[in-house]
Amino acid sequence: MNTEDFQQGYDIATYVTNLRNYRSLVKRLMEKVQVNAKDIAALRDAVGGFAQPVRATMMTEDWCGDSACNVPVLAQLFEGAGIEFRVFRGSEKEDLKSMYENDGDDHIPVVSLWDGNGKELGRWIEAPQAVQEQKDTWKAAHPQFEKLYQRQKEGDKDAAKEFGTLYRTFLEEMAGWYQDGLWNETVREIIQLPGSKSATPMQ
């Protein structure tokens, strides 16, 4: 990820202003999120030994509920740690999307940290493990969710309408999980990213 490519992404203010889905939810969550100063310092320390400037990217799409819930905490975490952050829509950045998919990573959002030489330091996908477990439990309790999802994919307009209503309920509940403490899990997992791939800290 070179500087020219990085600058093609959206800064957070631009991205949120132009969100096509869930804009009001994202703005509401941005007002509620509060990242612990110790966590910000921990991320700053974690990236400090790598070639600077370390940058962060997220590849997603506007309809992604996991992105809607995590953009607020990531934006605050990265800003506090002095890490410039850009968001890319996969539909607009096919080369980045293809890179992830070629690695077998076909879920979104995908968050990457990059060192100053453009090497990927680490990659975080979709949601923290604790949230994934909550999602699996919720879907098991709502078996119609997956059925409606498949039917709307096949062009069933009634199913699409019903799925949209159910998904919004799911998204509001998921946002509640994050506000009740699981944003901390996103932060914890992001702090662990630097050095999880091939880049080597500077000596």
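Here, each number is a calculation from the coordinates, and none is a lab measurement. This structure is a prediction, so every number in the text was calculated from the model and none was measured. Note that we place each Cβ from the backbone using ideal geometry, even for glycine, and neighbour counts take in every protein chain shown.
Of everything in the stretch 6-20 that is in a helix (DSSP H, G or I) and free of Cβ contacts under 8 Å to residues at least 12 places away in the same chain, the residue that is farthest from PRO53 (Cα to Cα) is THR17.
Sub-6 Å Cβ pairs linking a first residue in the stretch 155-173 that is in contact (Cβ under 8 Å) with a residue 24 or more places away in the chain and more than 12 Å from GLN144 (Cα to Cα) to a second residue that is surrounded by 13 or more Cβ atoms within 10 Å (Cβ to Cβ) and not β-branched (Val, Ile, Thr), at least 6 apart or interchain, are LEU171/GLY65, ordered by first then second residue. Out of all the residues in the stretch 61-76, is one or more over 16 Å from the mean Cα position of the chain (by Cα) and of a type in the set (D, E, K, R)? Within the stretch 61-76 (the criterion being over 16 Å from the mean Cα position of the chain (by Cα) and of a type in the set (D, E, K, R)), the answer is no, since none of the residues qualifies. Looking across the stretch 1-57, the residues that are among the small types (Gly, Ala, Ser), closer than 22 Å to ILE191 by Cα and over 16 Å from the mean Cα position of the chain (by Cα) come down to ALA37, ALA41, ALA42, ALA46, GLY48, GLY49, ALA51. Number of residues in the stretch 57-84 that are touching a Leu at 6+ places or on another chain (Cβ under 8 Å) and assigned to a loop (DSSP other than H, G, I, E, B) equals 3. Of the residues contained in the stretch 110-126, none is found to be of a type in the set (A, V, I, L, M, F, W, C) and not in a strand (DSSP E or B).
Candidates LYS161, LYS147, LYS157: the one that is out of contact with any Asp or Glu (no Cβ under 6 Å at 6 or more places or on another chain), among the charged types (D, E, K, R) and within 29 Å of GLY104 (Cβ to Cβ) is LYS147. Would you check if LYS27 is more than 21 Å from VAL131 (Cα to Cα) and either in contact (Cβ under 8 Å) with a residue 60 or more places away in the chain or surrounded by fewer than 20 Cβ atoms within 10 Å (Cβ to Cβ) (or both)? No: the conditions fail for LYS27. Only residues that are more than 30 Å from LEU43 (Cα to Cα), surrounded by 12 or more Cβ atoms within 10 Å (Cβ to Cβ) and either in contact with a Lys or Arg (Cβ under 6 Å, 6 or more places away or on another chain) or of a type in the set (D, E, K, R) (or both) were counted across the stretch 131-160, and they come to 7.
Does VAL87 satisfy the condition of being within 19 Å of MET30 (Cβ to Cβ), in contact with a strand residue (DSSP E or B) (Cβ under 8 Å, 6 or more places away or on another chain) and in a helix (DSSP H, G or I)? Show your work before the answer.
On the way: within 19 Å of MET30 (Cβ to Cβ): yes; in contact with a strand residue (DSSP E or B) (Cβ under 8 Å, 6 or more places away or on another chain): yes; in a helix (DSSP H, G or I): no.
Against the criterion (within 19 Å of MET30 (Cβ to Cβ), in contact with a strand residue (DSSP E or B) (Cβ under 8 Å, 6 or more places away or on another chain) and in a helix (DSSP H, G or I)), VAL87 does not qualify.
Would you be able to tell me the number of residues in the stretch 31-77 that are surrounded by 24 or more Cβ atoms within 10 Å (Cβ to Cβ) and without any contact (Cβ under 8 Å) to a residue 40 or more places away in the chain? Of the residues in that region, 0 qualify.
Every condition in (1) in contact (Cβ under 8 Å) with a residue 60 or more places away in the chain; (2) within 22 Å of VAL71 (Cα to Cα); (3) crowded, with 16+ Cβ neighbours inside 10 Å holds for LEU182 except the one numbered (1).
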